[in-house]
Ligand code: ADP
Ligand code: ZN
């Protein structure tokens with residue numbers, strides 16, 4: 001017998017091997033094997049078992065790694081579709097979905113806490129209407145996609161729990177995906193309280209051993225409720241009734257390395273394979289998903305009110321140009337924001353201050369020669385971190401001491417300009433001596449259990465003000481928070497990215513949604529130098545529709561997603577001239593391959609950050625109505641590989 005095997009390599013085709021006679025007929029698709037590959041021995045994945053091969057003189061497999069298929073038939077189907085959709089290989093998808101160092105056979109239970117199940121609240125009439133639609137879809141056992149547009153605090157999560165309970169009642173499992181930074185103890189506790197030991201977690205902070213155990217439990221069917229980040233969409237559950245993406249607009253659902261899949265698309269593919277329901281939930285749906293809902297590919301369901309008729313927080317926009325004009329210098333906290341913060345602190349309420357930028361200062365600049373300290377390996381400024389007293393590159397994570405004088409001219413003392421969360425924190429200590437401040441960003445949350453500690457400190461009122469990056473915008477349900485201040489809405493608005501308006505609207509809406517979730521009403525102040533921008537205006541009026549209308553008109557006018565699809569090609573290499581030449585030759589070759597088809601080709605041009613870790617990056621973009629003809633043209637030029645003239649080429653379908 002012959003086994004066809006694929007490898008974790010950028011080579012799409014499978015390779016045939018002889019199955020040694022002595023093994024009997026025990027090899028099946030979905031098993032891992034050890035196979036000779038050139039001079040190497042590689043772990044591969046069996047994708048087919050056949051009686052014959054067109055190739056003569058086949059080499060025998062060396063060893064069988066699994067006793068039974070590790071990869072389920074559904075996962076095999078998903079790998080196939082994902083590889084096709086994102087121009088990568090099945091082997092790359094398998095490697096991505098399997099935990100490293102997997103031991104399926106030993107599967108002691110994952111630690112769990114709350115066994116006494118919590119009883120669910122009675123649904124509000126809005127929730128009940130939406131749930132009826134979900135239930136009918138699940139019962140039908142046919143694929144359905146819903147876009148659940150629900151304002152913050154409207155009870156979306158409660159609906160997710162109900163839908164999963166419905167799937168379980170039918171003998172099927174449920175997967176709930178959450179963005180990486182929303183994978184907080186609070187989220188986990190809610191699922192555990194409802195489903196106890198059925199819950200299995202899947203996220204990047206698990207140890208290799210925990211991942212192995214989780215895989216075993218899912219595959220064995222002993223735990224059927226998966227709560228996890230992006231790659232949990234591939235979870236080896238036997239039968240899935242519902243796939244939920246909470247905060248479906250979150251960019252972390254797109255993987256930023258090969259395989260560059262979007263969990264939403266994989267969820268849709270999986271639902272088709274298993275007759276499952278997909279629920280995309282958000283207070284700020286992605287423009288892509290809302291567009292599909294408008295075209296009726298997804299069914300739009302809405303929750304327009306907060307639970308218990310709690311009002312939406314009152315949002316005011318502060319025009320920072322006034323403060324600048326009065327004080328003749330940029331200020332961090334306007335008088336209005338300081339006053340509101342003081343009131344909240346004095347009345348024992350909690351406040352959140354949001355700034356989507358970590359570190360202390362944006363750049364370290366020499367006042368004598370004007371030079372900004374840049375990372376040697378990446379063409380980007382280094383960010384000063386006061387806690388570590390070092391400059392840090394946010395692209396490669398390299399650090400350097402600040403130094404006494406400017407390394408360019410050796411004269412001036414470096415001056416720190418621009419804001420980061422650390423600076424906000426230190427300013428708060430100066431303005432409000434004695435108040436207790438906590439910071440929530442990737443630096444402060446690096447340690448295991450740091451989320452749990454912070455969350456406990458917030459709920460027990462040990463913290464008065466929480467300062468943070470977008471981490472504070474996601475999923476926190478803290479009823480004592482009455483005030484939210486946005487230090488600057490402009491950090492995300494001014495990025496050179498066509499999604500800047502969308503990100504800004506999302507962030508402002510989400511962070512504003514943290515205020516007033518309890519008894520007392522919430523108030524939100526947004527500081528900005530662009531107070532009339534439609535994203536800021538729409539966010540301040542809680543008006544998603546207004547935002548969407550302005551945004552989709554812009555996307556249509558400029559021929560941007562979702563009206564057209566994009567594929568981004570990045571040519572990489574160490575030598576600037578080689579990369580530039582390869583990018584130009586590739587562009588010409590693609591133009592030829594495209595011929596008279598309706599595909600736009602933009603570029604090549606250096607990437608926005610042209611060098612990262614000493615790798616030079618040039619970029620070209622293809623635009624068309626459909627992806628398939630673009631992939632065809634790319635394949636016609638690159639063949640089976642992802643190399644061109646000696647340079648690796650990254651293919652990113654639907655880049656974010
Ligand atoms: P969202 O996910 O839309 O932000 P949540 O599901 O977190 O909203 O609901 C907000 C709060 O309201 C939570 O504390 C939740 O427990 C509570 N809640 C949700 N549904 C109900 C209900 N039907 N009755 C009472 N409380 C509810
Ligand atoms: Zn760097």
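What follows is calculated from the coordinates using simple rules that are stated; it is not laboratory data. Bear in mind that the values here come from a model prediction, so they are computed numbers and not experimental data. Here the Cβ is made from the backbone with ideal geometry for all residues, glycine too, and neighbour counts use every protein chain on show.
What is the log10 of I(q)/I(0) for region 314-399, computed with the Debye formula using one identical point scatterer on each Cα and no solvent, at q = 0.18, 0.21 Å⁻¹?
-0.95, -1.03
What is the Cα radius of gyration of the chain over 2.2 N^0.38 Å, N being its residue count? If you can, show how the numbers build up before the last one.
Values: Rg = 26.4 Å, N = 656, 2.2 N^0.38 = 25.9 Å.
Normalised by 2.2 N^0.38 Å, the Cα Rg of the chain equals 1.02.
Taking the DSSP beta bridges in the chain as the whole, what percent of them are antiparallel, to the nearest 5?
50 percent
Given Cα pairs under 8 Å that are at least 6 residues apart, what percent is the relative contact order of the chain? Don't jump to the answer; show the numbers that get you there.
Details: 1321 pairs, mean separation 78.1, N = 656.
Relative contact order here is 12 percent.
Compute the orientation-averaged projected area for region 272-319 from the convex hull of its Cα atoms and round it to one decimal in nm². Working shown, then result.
Values: hull surface 23.1 nm².
Taking a quarter of the hull surface, the average projection is 5.8 nm².
Using 0.36 nm times the number of residues separating residue 556 and residue 319, minus their current alpha carbon distance, what extension gain do you get?
Values: separation 237, 0.36 × 237 = 85.32 nm, distance 3.00 nm.
Difference between extended and current length: 82.3 nm.
For region 374-448, what does the equivalent ellipsoid look like in terms of its semi-axes, each the square root of 5 times an eigenvalue of the Cα gyration tensor, given largest first in whole Å?
26, 17, 9
Can you divide the C-alpha Rg of region 169-248 by 2.2 N^0.38 Å and report the result to two decimal places?
Values: Rg = 11.5 Å, N = 80, 2.2 N^0.38 = 11.6 Å.
Against the empirical 2.2 N^0.38 Å value, I get 0.99 for region 169-248.
What is the order of 615, 442, fewest Cβ neighbours within 10 Å to most? Mind showing how you got there, number by number?
Numbers: 615 17, 442 14.
Fewest to most other Cβ atoms nearby, the residues stand as 442, 615.
Cut-off is 10 Å between beta-carbons; in what order do 422, 449, 158 appear when sorted fewest neighbours first?
Values: 422 25, 449 9, 158 19.
In increasing order of surrounding Cβ atoms, one gets 449, 158, 422.
With both partners inside region 1-92, how many of the DSSP beta bridges are antiparallel, as a percent to the nearest 5? List each step's numbers first, then the result.
Working: 18 of 19 bridges.
About 95 percent, rounded to the nearest 5.
Please work out the Cα center distance from region 489-565 to region 71-86, rounded to the nearest Å.
Here the answer is 35 Å between Cα centres.
Please report how far the C-alpha centroid of region 156-235 lies from that of region 328-372, rounded to the nearest whole angstrom.
Region 156-235 and region 328-372 have Cα centres separated by 38 Å.
Could you list 482, 387, 532 in order of exposure, starting from the residue whose Cβ has the fewest other Cβ atoms within 10 Å? Present the calculation step by step, with values, prior to reporting the outcome.
On the way: 482 26, 387 13, 532 9.
Taking fewest neighbouring Cβ atoms as first place, the list is 532, 387, 482.
Which three semi-axes in whole Å describe the equivalent ellipsoid of region 570-656, each the square root of 5 times a Cα gyration tensor eigenvalue, listed largest first? Please list the in-between numbers first.
On the way: eigenvalues 93, 36, 26 Å².
With the √(5λ) rule applied to region 570-656, the semi-axes are 22, 13, 11 Å.
Taking Cα centroids, how far is region 281-318 from region 591-637 in Å?
34 Å
Helix-only mean residue ellipticity at 222 nm, the chain, DSSP H runs n ≥ 4 weighted -39,500 (n - 2.57), per residue, nearest 500. What is it?
Numbers: 18 runs with 206 residues, N = 656.
So the helix-based figure for the chain works out to -9500 deg cm²/dmol.
Considering just Cα atoms, how many Å³ per residue does the convex hull of region 255-359 enclose?
Numbers: hull volume 23.9 nm³, N = 105.
Enclosed volume per residue, from the Cα hull, is 228 Å³.
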